[in-house]
Amino acid sequence: LAICLLVWTFTQPAMEQMKTLSIGWIAQIWVRNLVLMFLVAGSLHWFFFMRKGQGNRLKFDPRDLAIKGKQFNFGGQVKDNMFWTLSSGVGFWTAYEVLMFYAMANGFAPHLSWAQNPIWFCALFLLTPVIISLHFYWIHRALHWGPLYRLAHALHHKNVNVGPWSGLSMHPIEHIAFFSSILVHFIIPAHPLHILFHMQHQSLTAATSHTGYEALLVKDRKTLALGTFHHQMHHRYFEVNYGNLEMPWDKWFGTFHNGTPEAHEAMKDRRQMRSKT
């Protein structure tokens, strides 16, 4: 939220300006998002994988990121991930922001102000991760349907061992689906600040949650939560842990895997049942 407020204060175009689509303010938003992604994903990659500032402490997978591999289009995992993140990822992040700001400026999407309802204004920031989490769970499950997986989601799953640039490394079709949770604000009134928070939460936590480390250590104390074993298991086994930890969707819908032998047997049982149908 602090990043969101800084961005809003110093880099957000005026609503009056956004009533008309123009290269100037659209480019301003695109450059802003590009810089944010470079700062977050780039800093994490530099510290954990180039400087190796934490070694393997709290690292989920001790292996290095792939330097070579036929599955990567640009000669290595990091270059491949950076390409998809900075081109398609930042591109669709920007496109959805432009759509929502333009719609709000012209009255096509309902607008919420602090004066109208300060309690709901604040509550919407708390509700946003829940909305994103529910949407992500079902979109993610849909992307694991065979044809969609082969067409789009397989690109993201080239990353069995993940790094900060892996989080938003997706096929353009997946980016369209991934960011589409913001469209809920054509129904639920919001302020442009909520739009910023929603889109930055999705984009930047994609980088932090794929860091490959549980947390940042400062003087041997966990200071900043990063990745989760929950999602790391998804990259290992593909068909478990589709959701995030904000809400227990996987527990509720029978796709949870916590690394125990019991959970692993349950996963194998589900596979056998599907193979018989």
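Since residue 126 meets every condition but one in (1) free of Cβ contacts under 8 Å to residues at least 12 places away in the same chain; (2) among the hydrophobic types (A, V, I, L, M, F, W, C); (3) within 22 Å of residue 37 (Cα to Cα), which condition does it not meet?
Among (1) free of Cβ contacts under 8 Å to residues at least 12 places away in the same chain; (2) among the hydrophobic types (A, V, I, L, M, F, W, C); (3) within 22 Å of residue 37 (Cα to Cα), the lone unmet condition for residue 126 is (3).
Evaluate the following for residue 63: is it in contact (Cβ under 8 Å) with a residue 60 or more places away in the chain and loosely packed, with under 12 Cβ neighbours inside 10 Å?
Numbers: in contact (Cβ under 8 Å) with a residue 60 or more places away in the chain: yes; loosely packed, with under 12 Cβ neighbours inside 10 Å: yes.
Taking the combined requirement at face value, the residue satisfies it.
Got a sec? Which helices (runs of 4 or more DSSP H) wholly within segment 90-201 have at least 2 residues that are buried (at least 19 other Cβ atoms within 10 Å of the Cβ) and under 13 Å from the mean Cα position of the chain (by Cα)?
The helices (runs of 4 or more DSSP H) meeting that bar are 90-105, 118-143, 172-178.
Given the options 53, 76, name the one that is surrounded by 11 or more Cβ atoms within 10 Å (Cβ to Cβ), touching a Lys or Arg at 6+ places or on another chain (Cβ under 7 Å), among the small types (Gly, Ala, Ser) and modelled with pLDDT under 95. Let's see the steps before the verdict.
Numbers: 53 fails: touching a Lys or Arg at 6+ places or on another chain (Cβ under 7 Å).
So the residue among 53, 76 that is surrounded by 11 or more Cβ atoms within 10 Å (Cβ to Cβ), touching a Lys or Arg at 6+ places or on another chain (Cβ under 7 Å), among the small types (Gly, Ala, Ser) and modelled with pLDDT under 95 is 76.
Output the residues belonging to segment 14-33 that are in contact with a helix residue (DSSP H, G or I) (Cβ under 9 Å, 6 or more places away or on another chain) and of a type in the set (Ser, Thr, Tyr).
If the condition is that a residue be in contact with a helix residue (DSSP H, G or I) (Cβ under 9 Å, 6 or more places away or on another chain) and of a type in the set (Ser, Thr, Tyr), then 20 is the only one that fits.
Count, please, the residues in segment 202-222 that happen to be in contact (Cβ under 8 Å) with a residue 40 or more places away in the chain, surrounded by fewer than 19 Cβ atoms within 10 Å (Cβ to Cβ) and part of a helix (DSSP H, G or I).
Selection size over segment 202-222: 1.
Identify the residue in segment 1-11 that is out of contact with any helix residue (DSSP H, G or I) (no Cβ under 7 Å at 6 or more places or on another chain) and either surrounded by 12 or more Cβ atoms within 10 Å (Cβ to Cβ) or of a type in the set (Gly, Ala, Ser) (or both) and, among all such residues, is nearest to residue 108 (Cα to Cα).
First, the residues of segment 1-11 that are out of contact with any helix residue (DSSP H, G or I) (no Cβ under 7 Å at 6 or more places or on another chain): 2, 5-6, 9-10.
With either surrounded by 12 or more Cβ atoms within 10 Å (Cβ to Cβ) or of a type in the set (Gly, Ala, Ser) (or both) added as a condition, the list becomes 2, 5.
Values: 2: 28, 5: 24 Å.
That would be 5.
As an exercise: evaluate residue 227 against (1) touching a strand residue (DSSP E or B) at 6+ places or on another chain (Cβ under 9 Å); (2) part of a helix (DSSP H, G or I); (3) under 25 Å from residue 67 (Cβ atoms) and give the number of the one condition it does not meet.
Among (1) touching a strand residue (DSSP E or B) at 6+ places or on another chain (Cβ under 9 Å); (2) part of a helix (DSSP H, G or I); (3) under 25 Å from residue 67 (Cβ atoms), the lone unmet condition for residue 227 is (2).
For the structure I just gave you, tell me whether residue 72 is among the hydrophobic types (A, V, I, L, M, F, W, C), in contact (Cβ under 8 Å) with a residue 40 or more places away in the chain and more than 16 Å from residue 185 (Cα to Cα).
Details: among the hydrophobic types (A, V, I, L, M, F, W, C): yes; in contact (Cβ under 8 Å) with a residue 40 or more places away in the chain: yes; more than 16 Å from residue 185 (Cα to Cα): yes.
The answer is yes for residue 72.
Considering only segment 115-149, state which residues are touching a helix residue (DSSP H, G or I) at 6+ places or on another chain (Cβ under 8 Å) and of a type in the set (S, T, N, Q).
128, 133
Counting just the residues of segment 21-50 that are surrounded by 15 or more Cβ atoms within 10 Å (Cβ to Cβ) and among the β-branched types (Val, Ile, Thr), which one comes out nearest to residue 8 (Cα to Cα)?
Among them, the one singled out is 29.
Within segment 234-248, which residues are at pLDDT below 80 and either under 17 Å from residue 166 (Cβ atoms) or of a type in the set (Phe, Trp, Tyr) (or both)?
So the first thing to find is which residues in segment 234-248 are at pLDDT below 80, and the list is 235-239, 244-247.
Of everything in segment 234-248, those that are at pLDDT below 80 and either under 17 Å from residue 166 (Cβ atoms) or of a type in the set (Phe, Trp, Tyr) (or both) turn out to be 235, 236, 237, 238, 244.
The values are calculated or read from the model by the stated rules, or taken from the named source; none is laboratory data. Values in this document were obtained by computation on a predicted structure and should not be read as measured data. Backbone-built Cβ (ideal geometry, glycine too); neighbour counts: all protein chains shown.
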